[in-house]
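The values are calculated or read from the model by the stated rules, or taken from the named source; none is laboratory data. Keep in mind that what you see is a predicted model, and the values were worked out from it rather than measured. Glycine also receives a Cβ, built like all others from the backbone with ideal geometry; neighbour counts cover every protein chain displayed. Ligands, DNA and RNA are stripped out before the accessible areas are found, and what is left, the full protein with its side chains, is counted by its heavy atoms. Shrake-Rupley method; radii C 1.70, N 1.55, O 1.52, S 1.80 Å.
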Amino acid sequence: MDGLSGGSAPITSVIKAGWLDKNPPQGSYIYQKRWVRLDADHLRYFDSNKDAYSKRFISVACISRIAAIGDQKFEVITNNRTFAFRAESDVERKEWMQALQQAVARAQLSSTYPLGVRGSELPDRAGSLELRGFKNKLYVAVVGDKVQLYKNLEEYHLGIGITFIDMSVGNVKEADRRSFDLTTPYRIFSFSAESELEKEQWLEAMQGAIAEALSTSEVAERIWAVDPNRFCADCGAAQPDWASINLCVVICKRCAGEHRGLGAGVSKVRSLKMDRKVWTETLIELFLQLGNGPGNRFWAANVPPSEALQPNSGPGARRRHLEAKYREGKYRRYHPLFGNQEELDKALCAAVTTTDLAETQALLGCGAGVNCFSGDPEAPTPLALAEQAGQTLQMEFLRNNRTTEVPRLDSMKPLEKHYSVVLPTVSHSGFLYKTASAGKLLQDRRAREEFSRRWCVLSDGVLSYYENERAVTPNGEIRASEIVCLAVPPPDTHGFEYTFEVYTEGERLYLFGLESAELAREWVKCIAKAFIPPLAEDLLARDFERLGRLPYKAGLSLQRAQEGWFSLTGSELRAVFPEGPCEEPLQLRKLQELSVQGDSENQVLVLVERRRTLYIQGERRLDFTGWLGAIQKAAASSGDTLSEQQLGDSDIPVIVYRCVDYITQCGLTSEGIYRKCGQTSKTQRLLESLRQDARSVRLKEGEQHVDDVSSALKRFLRDLPDGLFTRAQRLAWLDASEIEDEEEKVSRYRELLARLPPVNRATVKALISHLYCVQCFSDTNQMNTHNLAIVFGPTLFQTDGQDYKAGRVVEDLISHYVVVFSVDEEELRKQREEITAIVKMRVAGTASGTQHAGDFICTVYLEEKKADTEQHIKIPASMTAEELTLEILDRRNVGIRERDYWTCFEVNEREEAERPLHFSEKVLPILHGLGTDSYLVVKKQQSMDAMLLYLASHVGDTKHGMMKFREDRSLLGLGLPSGGFHDRYFILNSSCLRLYKEIRSHRPEKEWPVRSLKVYLGVKKKLRPPTCWGFTVVHETEKHEKQQWYLCCETQTELREWFATFLFVQHDGLVWPSEPSRVSRAVPEVRLGSVSLIPLRGSENEMRRSVAAFTADPLSLLRNV
């Protein structure tokens, strides 16, 4: 069962979840800590709260009782098994027992039962299958849109299983012989059947489950086929997508909320689009036969026109009307036998044996007993009579009404809350100034005259507003359960200095105002407490600009939206989700991407921060539009200081990154770069757009000149209110430049650098790193360290240029860049390779004359190297392998399904080997090193799912074992093979790969640093490898000498494990992106720094000399440091 854990939990409506100690089935005294989750149908326990699939589940309907045993312990007792748990305290135990008892009671009243319990839904297919990782066969059942796993047939009938798989995220595919794989975002389940025929039957059943899981609006369309069902049975709103399955009426969302308030004893509300498992063929047919037409001829036969609901009726009017209609039966058509119980029961027993559903509905609505005695011992109830007569629709209607209360005029039960959790009782009262409610955002300022003074009372979850404090009847009211958002505009936005906005589910906006900041704050806190559930109370710890609930998708749970609670404070968006701990706040000014997808009716706000992606859906247009505007404003620059700018991953302002990246790609060899000034008007326009929203600005060839961009960067740095080095430390930096001892001066610079604010420190390093690269090309651009210091000294220290010390500081920082900023050799090497690749590619393009616009064009193939699969694409320096892959797929309109591992491969035809590029690898340096017999191809990495499964179950980051080994040195391109393949013992860890002659050897024969290795899948055939499961490893020494050797494994599984471990240790455990790829976007439009390259200035010989000087000796540029 351990093989089933991992990933994020699938979406379920959780009643209670938490850690409990569980007693093992053997009765040991050693308890094991388990994450336990209870929903309406199942009690499940997991190894971890991150696991997607349970170790065991127990159907709530098969639980007979809950009993306390000893201190903090309790038992869950079924017909044949007892499960013992231990809580942290007696209070927690009591909470668990109450939750379980309530769930069991609800299950006993429900008309549907989980699999294995009486009344169960018949499976589409069930039987025994082998599952990799389990010794014995499991009993597998495909039921609806789920695949359920049980230990055996007996446990299947008892409703006690291992786990179930939601097929809305599943995919099935054939494997070898009798095997097939069920793939989900969390795990791969490898099954084996008894025969090929049986395998085909299982595949067909599971594919049917996937189809059922993905069908969402089919039920609604079918039920709307009857004209009366196209309009809400209560208010007449068009296209209602909710229903009461016991009253057999189709209703709109606003009425559905009020139906829930009536309680399950009056109305059982279900969604036509979301509650898929409820909508059986029988129930759909019942709604087609009965539905809104006959339903309203009974329930609404005597509605006075003055009391009829309209689609725009308020919540109070709806509540009163539905209370009278269904709980009291005020408007129903009375049956002639009304008041005569015995005759009503007899008439019901007769009606259920016919097809007259309207008669059955009228009899039950007028008081006939759904469980009355029929007088026939063999069919004692109306349900039994209907079954005996073969009336399946009558049976369905009776089952749905077994617990329905009979309407009574004196039955005045208090309304139940809409939420399953009890909201805290909040009371508050006082005068507020209120405007008329609006159906759209308030774009204009509301004058003071538009507000009316109202006495407002918040009590029992309802905000009521009266004409004055003496009035008895309210002018209107807002139920807390209907509030979806609470917003606090900045002071003086409207006629009253302090205001707040209330948004409701009915797409209405209410604006309230006050003169006192303290009173306004108190009202906001009280209203927030009234509609925020306990799980989101942490959001109230700080003042907020906006608070509310929104549908979202995040993490691995992307198959269906959930509802989360959000608060916006400054540039920080905090979120609380139904399951799991409180999320880390999203720093909106550090977002990598902020975009809106979809059409105007189905908008989705996409927020991407450090590989964490959040999708917020616009279910309600009014409050979503408000959230969208507020988030976009919070994500923009809010001032002129560095910390108020949009920031990148490394706390570098995006405006600095944009300019530096463009000049790195387009202007390193531009003569007089940074010394020459751009056009004033163009510079000013560019700077304004960057300050407004740098994230959305795309610097493109032909639109901006490098001198305009460099001038914009200098102007931005010079205009910083506090300066890059801050006013407080400016003099200390200038004084440090006069220290004569170089070591002491560098040490002082390092000390001052550490004192800078984090954003300033990161920006200084990024800027000096860039200037260091610029001066490396001084032979071409004429901007050596001294010249750059003359330009940037006055700019960064905001002086008039007369103080030589400012320039001295900049010159020292560039000259001592490696020491001052602690730049290690690996970081310097990567920087050098990227810059070298940019310039070399441009040199090649200039020399060949094939790149008239200066863009480097690369040919990439899709799936295989063929003329009709090639794509020509521009490769900017910042493009990663993942971005290239998505660009190719988008161009060819290839959709990516869940767990499709599309990857860019480097293929070497001469070596008959290929290497899947890591998703974060930069493509340009790889292209620079490609030979004439190599190319790039985008295709699926078939073994990635198996590798991820191995890594998830593997402990540690090491691997060892025997492999066949052969060495092949290549000096200056000459292959000098040495010997054949020999058995060798290898140990791979996070730092190196070691080769031993045998297992007992103490000293390795060879050792290579693991991060300098390139591992290719495949071994060329002319070497006669002993197995077909081999890979080629290449290592380039500091002297540019290539060492190449070949390794062969005994099995394909062993090869995958070795290759997975190589990826794991080379990339710090991040083998595949932690977030699903965003496949519906053109990646270059959202990538940072996606700018094209322009021709270099200067002659071809000058450019070649610059490249040669930069790359000849890795340390040559550092000898004067």
inquiry  = Looking at 740, 744, 688 in this structure, which one is more than 38 Å from the chain's Cα centre (by Cα), of a type outside the set (Ser, Thr, Tyr) and in a helix (DSSP H, G or I)?
reply    = 744
message = Pairs needed: first member in the range 197-209, open to solvent by 10 Å² or more (accessible area, probe 1.4 Å); second member anywhere, of a type in the set (Lys, Arg); C-beta distance under 8 Å; at least 6 residues apart or different chains.
response = 198/178; 201/125; 205/125
query = Considering only residues of the range 498-542 that are of a type in the set (Asp, Glu) and over 19 Å from residue 456 (Cα atoms), which is surrounded by the most Cβ atoms within 10 Å (Cβ to Cβ)?
reply = 505
task = State whether one or more residues within the range 973-992 are touching a Leu at 6+ places or on another chain (Cβ under 8 Å) and either among the polar types (S, T, N, Q) or open to solvent by 70 Å² or more (accessible area, probe 1.4 Å) (or both).
result = yes
message = Restricting to the range 334-347, give me the number of residues that are in a loop (DSSP other than H, G, I, E, B) and buried (at least 16 other Cβ atoms within 10 Å of the Cβ).
response = 3
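If the requirement is being buried (at least 18 other Cβ atoms within 10 Å of the Cβ), modelled with pLDDT under 85 and not basic (Lys, Arg), which of these qualifies: 825, 834?
That would be 834, the only listed residue that is buried (at least 18 other Cβ atoms within 10 Å of the Cβ), modelled with pLDDT under 85 and not basic (Lys, Arg).
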query = Do the conditions hold for residue 28, that is, is it in contact with a strand residue (DSSP E or B) (Cβ under 7 Å, 6 or more places away or on another chain), at pLDDT below 90 and open to solvent by 20 Å² or more (accessible area, probe 1.4 Å)?
reply = no
message = Looking at the range 682-707, I want the residues that are over 25 Å from residue 594 (Cβ atoms) and have a partner that is at pLDDT 80 or above and assigned to a loop (DSSP other than H, G, I, E, B) with Cβ atoms under 6 Å, at least 6 apart or on another chain. Which pairs are those?
response = 706/667; 706/670; 707/676; 707/678
Within the range 168-206, considering residues that are modelled with pLDDT under 85 and within 18 Å of residue 52 (Cβ to Cβ), the one nearest to the chain's Cα centre (by Cα) = 185
query = Which pairs have Cβ atoms under 6 Å, sit 6 or more apart or on different chains, and link a residue in the range 1059-1078 that is closer than 27 Å to residue 614 by Cβ to one that is in a helix (DSSP H, G or I) and modelled with pLDDT of 90 or more?
reply = 1071/1063; 1071/1064
Meets criteria (under 21 Å from residue 478 (Cα atoms) and open to solvent by 10 Å² or more (accessible area, probe 1.4 Å)) for residue 293 = no
remark   = Of the residues in the range 789-809, those that are without any contact (Cβ under 8 Å) to a residue 40 or more places away in the chain and open to solvent by less than 20 Å² (accessible area, probe 1.4 Å) come to 789, 793, 807
Sole residue being part of a helix (DSSP H, G or I), modelled with pLDDT of 85 or more and buried (at least 18 other Cβ atoms within 10 Å of the Cβ), chosen from 368, 386, 350 = 386
Close pairs from the range 132-146: first under 23 Å from residue 178 (Cβ atoms) and in a loop (DSSP other than H, G, I, E, B), partner open to solvent by 10 Å² or more (accessible area, probe 1.4 Å) and at pLDDT below 90, Cβ under 7 Å, at least 6 apart = 133/3
note = Result of the Cβ filter at 6 Å on the range 606-622, keeping first residues that are modelled with pLDDT under 75 and partners that are in a strand (DSSP E or B), at least 6 apart or interchain, is 609/586; 619/551
ask   = Of these, 745, 765, which one is within 26 Å of residue 647 (Cα to Cα) and basic (Lys, Arg)?
value = 765
ask   = Here are some residues: 650, 637. Which one is assigned to a loop (DSSP other than H, G, I, E, B), open to solvent by 60 Å² or more (accessible area, probe 1.4 Å), among the hydroxyl-bearing types (Ser, Thr, Tyr) and more than 21 Å from residue 791 (Cβ to Cβ)?
value = 650
message = Please determine whether any residue of the range 243-254 is within 33 Å of the chain's Cα centre (by Cα), closer than 30 Å to residue 1072 by Cβ and open to solvent by 40 Å² or more (accessible area, probe 1.4 Å).
response = no
query = Inside the range 550-571, can you point out the residues that are surrounded by fewer than 20 Cβ atoms within 10 Å (Cβ to Cβ) and modelled with pLDDT of 90 or more?
reply = 569
key: Of all residues making up the range 36-82, the number that are in contact with a helix residue (DSSP H, G or I) (Cβ under 8 Å, 6 or more places away or on another chain), open to solvent by less than 20 Å² (accessible area, probe 1.4 Å), modelled with pLDDT of 90 or more and farther than 16 Å from residue 101 by Cα   = 2
